[in-house]
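Scroll down for the structure; my scribbles are underneath it.
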Amino acid sequence: MRYHDITKDDMRNGPGLRAVLWVSGCEHHCPGCQNPVTWDPDDGLMFDDRAHDELMEILGRDYISGLTLSGGDPLYPSNRDEITALCREVKSRWPEKTIWLYTGYDYADVKGLEVMNYIDTVVDGRYEEDLRDVKLHWRGSSNQKIIKVEHDDREE
């Protein structure tokens, strides 16, 4: 998996101060996307041990509320295995921290993926430029939904 950035102390992509991993790879290519540089899955940096350790160090800070995964699309097919393993590790180490995932896929189409066992909130749907609304909280267009993922086997 490749990525473009790790943002520290982010307040725009979920509640509280968050670490954000901006991954490479997206097949949606939404007109007006704020991050078209992240579309190419072969662009950016390798998510190697150094990047992993940097992200874990940030997440280990007491004031960090959780992890947000964006991009690109964390659920781009070639990202799914590594994103799943990363989310599993984060929930194992810090069960109290939330994981938010932004994806251009509709939740109904991805809710059965293993990664959803570790996700607390999904912001789903393609960005629709004609539905852009700067007053919306944590999403860019009004068609996108903020979905709290239900977990029967996990305490919230």
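The values are calculated or read from the model by the stated rules, or taken from the named source; none is laboratory data. Quantities reported herein were computed from a predicted structural model and do not represent experimental measurements. Quick reminder, even Gly has a Cβ in these numbers, built from the backbone with ideal geometry, and neighbours come from all protein chains shown.
Among the residues making up segment 62-81, those that are farther than 17 Å from ASP40 by Cβ and touching a Phe, Trp or Tyr at 6+ places or on another chain (Cβ under 8 Å) are GLY66, LEU67, THR68, LEU69. The set of residues from segment 9-55 being of a type in the set (S, T, N, Q), within 19 Å of TRP138 (Cβ to Cβ) and in a loop (DSSP other than H, G, I, E, B) comprises ASN13, GLN34, ASN35.
When ARG93 is tested against (1) in contact with a strand residue (DSSP E or B) (Cβ under 6 Å, 6 or more places away or on another chain); (2) more than 19 Å from ASP73 (Cα to Cα), exactly one condition is not met: (1).
Look through ILE58, ILE83 and report the one residue that is more than 15 Å from the chain's Cα centre (by Cα) and either assigned to a helix (DSSP H, G or I) or touching a residue at least 40 places away in the same chain (Cβ under 8 Å) (or both). If you could, list the steps in order and put the result at the bottom.
Numbers: ILE83 fails: more than 15 Å from the chain's Cα centre (by Cα).
On inspection, the qualifying residue turns out to be ILE58.
With respect to the conditions (1) of a type in the set (Gly, Ala, Ser); (2) closer than 19 Å to LYS145 by Cβ; (3) touching an Asp or Glu at 6+ places or on another chain (Cβ under 8 Å), SER24 falls short on a single one, namely (2).
Hey, can you tell me all the residues within segment 96-106 that are within 16 Å of TYR76 (Cβ to Cβ) and either of a type in the set (Asp, Glu) or outside any loop (DSSP other than H, G, I, E, B) (or both)? Hits for segment 96-106 are LEU101, TYR102, ASP106. Scanning segment 114-133 for residues being modelled with pLDDT of 95 or more and exposed (fewer than 15 other Cβ atoms within 10 Å of the Cβ) gives a total of 2. Considering segment 84-132 alone, what residues qualify as being among the basic types (Lys, Arg) and over 25 Å from LEU17 (Cβ atoms)? LYS111, ARG126, ARG132, listed by residue number.
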